[in-house]
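Worksheet: the structure to be examined is printed underneath.
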Amino acid sequence: MTKNISKAGWQLTKIAVGGALLTGLAVGTMAYAQSKTMPVVERVELDKYLGVWYEVARKPMYFQRKCARDVTATYTLNENGNITVDNRCYTQEGKMMRSLGEAYVINPPFNSKLEVSFLPEAIRWLPLGRGDYWILKLDDNYQTVLVGEPSRKYLWVLSRTPQVKQDVVNEYLNYASSLGYKLDDIIHTQHTTK
């Protein structure tokens, strides 16, 4: 009889552990699905979006840890129909750093969700190592943009000019906050050009 109780107890334990595991997986899956949702702008005209953008604010990012000032991103259409990304910045010591990548539109014809790869060009076609680049807020004249990604870990405010009125920056950061971004670690980018 003890053997039967133990066996039954073991079955209940397996069910309880299995249920907890399934519950944990369900919660994890829901959290992942929730993190992959975020409103983006309705439509982006890529020809208007291309060109030089100046970073005016960002959340800290590992790849930009040495960027101290004059951060820019230049977007051009390449022969594949994708977007060449040319990121540049200067370190504290005045050394220019550059990173070349490629962006792929993942929601045509709306063009508001892109994935960017900075892998070597020969293997960039692989869907590995791509980061989300979602356009969250963009003014009608394509002068200021808020770019982020659904986990809310990274965020950039970019502008067509290096100097932006603080109320404009605040407007975009307040919108980011309304989307669930934590802004206590925002870096305001310094520009030495006017």
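When the Cα centres of region 45-102 and region 122-153 are compared, how far apart do they sit, in Å? If we compute the Cα centre of each part, the gap is 12 Å. Across all C-alpha atoms in region 44-186, the radius of gyration and Dmax reach 14.7, 43 Å. Counting charges near Glu79 (Lys, Arg +1; Asp, Glu -1) among other residues having Cβ under 15 Å from its Cβ returns a value of -1. Excluding same-chain neighbours fewer than eight residues apart, the aspartates and glutamates reachable from Lys59 by a Cα-Cα span under 20 Å are Asp70, Asp86, Glu115, Asp132, Glu149, Asp167, Glu171, Asp184, Asp185. Rounded if a/c is under 1.5, else prolate if a/b is larger than b/c, else oblate: which is region 118-169, with a ≥ b ≥ c the root eigenvalues of its Cα gyration tensor? Prolate, since a/c reaches 1.5 and a/b exceeds b/c.
What whole-number value in Å² describes the accessible area per residue of region 44-186 for a 1.4 Å probe?
Values: 7600 Å² over 143 residues.
Roughly 53 Å² per residue, with all protein chains present.
Under the convention that each Lys and Arg Cβ holds +1 and each Asp and Glu Cβ holds -1, the size of the dipole of region 127-194 around its Cα centre is about 160 debye. Taking the Cα centre of region 44-186 as origin and assigning +1 to Lys and Arg Cβ atoms and -1 to Asp and Glu Cβ atoms, the resulting dipole is close to 460 debye.
The values are calculated or read from the model by the stated rules, or taken from the named source; none is laboratory data. Keep in mind it's a predicted model, so treat the numbers as computed, not measured. Please note: Cβ atoms are built from the backbone with ideal geometry, for glycine as well, and neighbour counts cover all protein chains shown. The area values use the complete protein model at the heavy-atom level, side chains included, leaving out ligands, DNA and RNA. Shrake-Rupley method; radii C 1.70, N 1.55, O 1.52, S 1.80 Å.
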